[in-house]
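J.: Take this structure, written in structure tokens, and hold onto it; I'll ask about it next.
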Amino acid sequence: MKFKSFIVTFATLVFMTGLLFLVGHTFPIPWFMFHHEYTDNANGVFVTTGSVVPLIIGLIFSFFAEKIYVYKYRQ
């Protein structure tokens, strides 16, 4: 049961995060877009990254998906 619960949780996290990133790039929504930049001008490193909002929303959805799965499994 723990392995199946992990699979449901992880699959929900990956699916929701990917879906939100896709929505962010399809409809230019900066909060849902992933943007990565790396510059190394003779070791003057400049690194930026993208939005973490889709990851946070994915974590919330995966938490609720696990709770629903465990609840339905026990019945």
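J.: Please enumerate the residues belonging to the stretch 1-54 that are among the small types (Gly, Ala, Ser), surrounded by 12 or more Cβ atoms within 10 Å (Cβ to Cβ) and at pLDDT below 90.
T.: SER5, GLY50, SER51, listed by residue number.
J.: Any residue in the stretch 58-75 that is more than 11 Å from MET16 (Cβ to Cβ) sitting within a Cβ distance under 9 Å of a residue that is open to solvent by 100 Å² or more (accessible area, probe 1.4 Å) and at pLDDT below 95? List the pairs, counting only those 6 or more apart or interchain.
T.: These pairs meet every condition: GLU66/PHE6; TYR69/LYS4; TYR73/LYS4.
J.: Sort out which residues of the stretch 24-33 are under 14 Å from LEU55 (Cβ atoms) and in a helix (DSSP H, G or I), and write them in order of number.
T.: GLY24, TRP31, PHE32
J.: Is it true that some residue in the stretch 1-18 is part of a loop (DSSP other than H, G, I, E, B), more than 16 Å from SER51 (Cα to Cα), in contact (Cβ under 8 Å) with a residue 60 or more places away in the chain and out of contact with any Gly (no Cβ under 6 Å at 6 or more places or on another chain)?
T.: yes
The values are calculated or read from the model by the stated rules, or taken from the named source; none is laboratory data. Owing to the predicted nature of the structure, the values given are computational and were not obtained by experimental measurement. Glycine gets a Cβ as well: all are built from the backbone with ideal geometry, and neighbour counts include every protein chain shown. Areas reflect the complete protein model, heavy atoms only, side chains present, ligands, DNA and RNA absent. Shrake-Rupley method; radii C 1.70, N 1.55, O 1.52, S 1.80 Å.
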